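Please read the structure below before turning to the comments.
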């Protein structure tokens, strides 16, 4: 049922149950850098010349309160990924970790990471094609990709929470912890 007027609704899973991630104090948001495009942006050398890696953006007050400094490595964890690790299902794991950048333009209690970085494919890792190894370039895998800590909709079992009105992924309903790595 839709109200017809703006109103606040708590975050809910696909079954309509309220999601409460107590203890995960930061709201995770993602964005795309102005020079980035869709999924194939990572590893484009012209982009890496602009920004060689992305950052975990936090308000300056949150950085100080957590005892962090610009450049410190942090790991993001969530209720459905308490270890903050991306299980690549090829025998490898990748931490959901990046360097802190303190900025005044971020609201306290919010953490942001651009989506273009921290990938393991797209030429970042070696791959075997027709029996020959094509060497990866580690520069293409720098930074953090926050996807693995996005809140899984446990009523469905796979996939992140969805927006019940638009039907797309809910990119702004995950709460995370920021842990010094």
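The numbers here are math on the coordinates, done by the rules we state, and not lab data. Note that the structure is predicted; figures quoted are calculated from it, not measured. Positions of Cβ are generated from backbone atoms using ideal geometry, with glycine treated the same way; all protein chains shown enter the neighbour counts.
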Using alpha carbons only: equivalent-ellipsoid semi-axes of the chain, gyration tensor based, whole Å
29, 21, 16
Tell me the relative contact order for the chain as a rounded percent, counting alpha carbon contacts under 8 Å between residues six or more apart.
33 percent
Take peptides 137-150, 8-21, 63-76 and line them up by average Cβ neighbours within 10 Å, highest first, as a rough protection proxy.
137-150, 63-76, 8-21
Among 48-61, 77-90, the order from most to least packed when residues are scored by Cβ within 10 Å on average
48-61, 77-90
State the antiparallel share, in %, of DSSP beta bridges confined to the range 26-180, rounding to the nearest 5.
70 percent
Run lengths n ≥ 4 of DSSP H only: what is the helix-derived mean residue ellipticity at 222 nm for the chain, with -39500 (n - 2.57) per run over all residues, to the nearest 500?
-1500 deg cm²/dmol
Estimated Rh, the range 140-181: Kirkwood, alpha-carbon pairs, angstrom:
11.9 Å
Report relative contact order for the range 71-115 in percent, whole number only (criteria: Cα-Cα under 8 Å, sequence separation at least 6).
37 percent
Expressed in nm to one decimal, what extension gain is obtained for the pair residue 14 and residue 35 from 0.36 nm per residue of sequence separation less their Cα-Cα distance?
4.1 nm
So if the hydrodynamic radius of the range 71-144 is defined as the Kirkwood radius over C-alpha pairs, what does Stokes-Einstein give as its diffusion coefficient at 10 °C and 1.306 mPa s, in µm² per second?
111 µm²/s
Beyond 16 Å, the calculated P(r) of the range 42-105 holds a percent of Cα-Cα pairs equal to 60 percent
